[in-house]
Each structure stands twice: as structure tokens, then as C-alpha cells.
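Okay, so here's the structure we're looking at.
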Amino acid sequence: MIFSGARRFGLLLLTLFSAAAALTLGLAGSAAADSTFHTEHLALQGVDGAPGGGMVVDAHANGPTIYSQEVYSLSHALPGTYDVEANLYPGSLDCSGTPFTQQTAEITTNAVGNGQADATFTPEVVGPLRGSTLSIRWAVTGPATYVTGCTVVTLD
């Protein structure tokens, strides 16, 4: 009888895991994604021979609480503290003109120059720019300078 009880318990666990997996897949398929702007990964390149590099990940959820999330990372950069700035070019699709610059985060790297930071933007913060298409270039400045290329973003 112990084997029979263990077998029933195993079948119960298998049923529960299967139901949980089906529910997870069902919810994942119904999650709304931003159909205008897809998550973008932009390389941070060193300026004037700066060592290492990094990445900016820009993801738009367009949700009622979180509009967008950005993650910034440096790898093998000069150790220290860096300011992350988003340079926004309203009305430009090629990062031309005078940017509106907004500091978004601060990265403190470890002894080998690795560090990470993030920023979350609410719909209220993005408010005046919603419905526009603009170009953005990120700059990370501190003991060295790192920049991304220009990218075009549609804020729906």
C-alpha cells in the first residue's frame, strides 16, 4: 500500500505541475507586448580609446505602472562612478540638433570595471513625449566615456 500511496502522490504532483505549466503558457500567450517598439540592445562603445564597453537595454511595457525599463551595464571599463544620460532629440530621426539631456542612473563599477544600473519610467514621466517619434543616444560618463549609436524610438 505504501507504493500505491506514493504512486498516487507522484501522479498528483505530475498533474499539478502540468496544470501550472499550462496556465503559465496560457498567460504568456495572452500578455500584451509593445507592437510599436520592441526591446532594443545597444552597445556602449568607449570614446578616445576607453577600455571595455557595455550595453543599454531599452524595453517598453507601456503599462499603467511601468512605461519603460532601461538597464545599463559596463564591462572592463575604467573603475569608478559613471553618470548615465539619455540624449533625446525630439523631431529628429538621426540624433541631429540640440538634445534634451536627462540623467537616468549612476553606475559604480567594481575593481575590474564591471557595473550595472537601471531606470524605470512611469507613464507620468514620459507623458509629454507620448505619441512622438524621436531619436536617442545614451552617454555614460565618468573616469571614461562610453556612447551608444543613435536609435529611433516611437513612444505610443
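The values are calculated or read from the model by the stated rules, or taken from the named source; none is laboratory data. Worth saying up front: this structure is predicted, and the values here are computed from it rather than measured. Using ideal geometry, Cβ is built from the backbone for each residue, glycine included, and neighbour counts are taken over all protein chains shown.
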**Item:** segment 73-96: number of residues that are small (Gly, Ala, Ser) and modelled with pLDDT under 95
**Value:** 2
**Message:** For the structure I just gave you, tell me whether Ala50 is more than 13 Å from Pro143 (Cα to Cα) and either acidic (Asp, Glu) or surrounded by 14 or more Cβ atoms within 10 Å (Cβ to Cβ) (or both).
**Reply:** no
**Prompt:** Pick from Ala86, Ala111, Ala144: which is over 18 Å from the mean Cα position of the chain (by Cα), assigned by TED's automatic domain parsing to the domain that holds Leu44 and within 18 Å of Gln45 (Cβ to Cβ)?
**Reply:** Ala144
**Request:** State which residue is surrounded by the most Cβ atoms within 10 Å (Cβ to Cβ) when the search covers only segment 53-65 and only residues that are over 13 Å from Leu155 (Cα atoms) and of a type in the set (A, V, I, L, M).
**Result:** Val56
**Prompt:** Do we have Gln116 as surrounded by 15 or more Cβ atoms within 10 Å (Cβ to Cβ), modelled with pLDDT of 95 or more, more than 14 Å from Thr148 (Cβ to Cβ) and of a type outside the set (Ser, Thr, Tyr) here?
**Reply:** yes
**So Glu70, is it assigned by TED's automatic domain parsing to the domain that holds Gly131, at pLDDT 90 or above, among the charged types (D, E, K, R) and buried (at least 16 other Cβ atoms within 10 Å of the Cβ)** = yes
**Residues within segment 120-151 that are surrounded by fewer than 18 Cβ atoms within 10 Å (Cβ to Cβ) and under 22 Å from Gly53 (Cβ atoms), tallied** = 6
